[in-house]
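Chemist: Here it is: the structure, laid out below.
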Amino acid sequence: MPKKVHKLGLFGLGAFGRLIVRHLSPYFDIRAYDPSPEAKAYAKRHNVELVSLEEAAANRIVILATPIRTLKALAEQIAPHVPLNALVIDVGSVKVNPAQWLTDALPKSVCVLCTHPLFGPQSARYGIHNMEIVVCPVRVRHLPPIVKFLEKTLDLKVSVTTPEVHDRALAAVQGLTHLIAKVLNGMGPLPTEHTTRSYDLLMQGVGLVSGDSDELFMSIERDNPFAAEIRKRFFHEIDSLRTRLENGHK
């Protein structure tokens, strides 16, 4: 007999949406909404059912894997079509604003779970074993079964926190990483011979995020409410070092 699986509505078949398909298709019948021509070609190759916005929203579990600039409007669009007691999940890099948008737009009967997988297509190209996912239960009735699925089935390490605590930490963790990577990529090509271990590790980190889109970079830097202060401190340190070097100060 065929294995019984739950249906899952997925919005977005970009790089991360495809990663979701790869790891969740064994457990869910994925019904995706993405009107782009690239998504249509991908869905055909990977046997993913493309459906209308209304059909994707009408599932008990809905994952929003679209750019943050579209999230507020998307939440408002799907709100009339999401079933009672459904679970809506976002997977973006910032959490404070999306959490507010989702709770404001979706009916109170709909559960809202904001998540941030701390990995992407590059870092997860060999699998997601023991990788970390941050979970913010904004409006969730039954969190333990969700955590159990993430930990026991997907083999992820789960960290439960609030959107604010997440964004404060990621303002430095992601904000600085992507900022430095952007600068170093702009200075390329950089040496690949006669390198040191510290240089190799730095360039390895840069390589993990260099394939990310400029839109993701802008989202990390502009949509995180705490990123501006981290950038301000970073550039202040840079200016202080430059002054010290150029003026011969000790």
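Chemist: For region 47-96, restrict the atom set to alpha-carbon positions and state the Rg and Dmax in Å.
Modeler: 11.1, 35
Chemist: Which order do the peptides 121-132, 234-245 come out in when sorted by mean C-beta neighbours inside 10 angstrom, highest first?
Modeler: My ranking of the peptides, most packed first, is 121-132, 234-245.
Chemist: If you don't mind, there's one more thing I want to ask. Roughly how many debye, to the nearest 20, is the charge dipole of the chain about its Cα centre, given +1 on each Lys and Arg Cβ, -1 on each Asp and Glu Cβ, and no other charges?
Modeler: The dipole of the chain has a size of about 560 debye.
Chemist: Here's another thing I want to ask about it. Cα atoms only: what Rg and Dmax, in Å, come out for region 136-230?
Modeler: Using the Cα atoms of region 136-230, the pair Rg, Dmax is 17.3, 56 Å.
Chemist: Moving on to the next point. Take each of the peptides 195-203, 9-17, average the number of other beta-carbon atoms within 10 Å over its residues, and list them starting from the highest.
Modeler: Descending packing order for the listed peptides: 9-17, 195-203.
Chemist: Can you give me the long-range amide H partners of I63? Hydrogens built in the peptide plane at 1.01 Å from N, cutoff under 5 Å, separation of 5 or more residues or another chain.
Modeler: G9, L10, F11, I89
Chemist: Normalise the Debye intensity by I(0) for region 67-111, one equal point scatterer per Cα, no solvent, then take log10 at q = 0.15, 0.23, 0.24, 0.25 Å⁻¹ and round to two decimals.
Modeler: Calculated log10 I(q)/I(0) at the listed q: -0.32, -0.75, -0.82, -0.88.
Chemist: Follow-up. In degrees from 0 to 90, rounded to the nearest 10, what is the angle of the helix 37-46 Cα long axis to the longest principal axis of the chain?
Modeler: 70 degrees
Chemist: Also: What does the accessible area per residue of the chain come to in Å², with a 1.4 Å probe and no ligands, DNA or RNA counted?
Modeler: About 58 Å² of surface per residue is accessible.
Chemist: Quick check: at a probe of 1.4 Å, how many percent of the accessible area of the chain sits on carbon and sulfur atoms?
Modeler: 57 percent
Chemist: Shifting gears a bit: Please report how far the C-alpha centroid of region 174-250 lies from that of region 22-63, rounded to the nearest whole angstrom.
Modeler: That distance is 36 Å.
Chemist: Step by step: find N for region 3-47, compute 2.2 N^0.38 Å, then divide the Cα radius of gyration by it. What's the final number?
Modeler: 1.08
Chemist: Counting pairs of alpha carbon atoms under 8 Å apart in space and at least six apart in sequence, what relative contact order in percent does the chain give?
Modeler: 14 percent
Chemist: Can you give the helix-only mean residue ellipticity at 222 nm for the chain, where every DSSP H stretch with n ≥ 4 adds -39500 (n - 2.57) and the sum goes over all residues, rounded to the nearest 500 deg cm²/dmol?
Modeler: When only DSSP H runs of four or more count, the value is -15000 deg cm²/dmol.
Chemist: Can I ask one more? Note down, for the chain, the three equivalent ellipsoid semi-axes (square root of 5 times each alpha carbon gyration tensor eigenvalue), biggest first, whole angstrom.
Modeler: 36, 21, 17
Chemist: Let me ask something else about it. For a distance above 12 Å, tell me the whole-number percent of Cα pairs in region 149-199 that qualify.
Modeler: Everything past 12 Å amounts to 77 percent.
Chemist: For E221, E229, what's the largest-to-smallest order of accessible area, 1.4 Å probe?
Modeler: E229, E221
Chemist: Next question. Work out from phi, with θ = phi - 60° and the Karplus expression 6.51 cos²θ - 1.76 cosθ + 1.60, the ³J(HN,Hα) of each residue of region 202-210, listed in order in whole Hz, and give x for Gly and Pro.
Modeler: Per-residue couplings from phi come out as 4, 5, 5, x, 4, x, 5, 10, 5 Hz.
Chemist: Now for a separate question. Can you list, bin by bin at 10 Å, the percent of alpha carbon pairs in region 14-93, starting at 0?
Modeler: Per 10 Å bin, starting at 0, the Cα pair percentages come out as 17, 55, 27, 1.
The values are calculated or read from the model by the stated rules, or taken from the named source; none is laboratory data. Everything numeric here is computed off the predicted structure, so don't read it as measured data. Heads up, the Cβs are rebuilt from the backbone with ideal geometry, glycines too, and the neighbour counts pull from every protein chain shown. Surface accessibility is based on the protein's heavy atoms, side chains included, excluding ligands, DNA and RNA. Shrake-Rupley method; radii C 1.70, N 1.55, O 1.52, S 1.80 Å.
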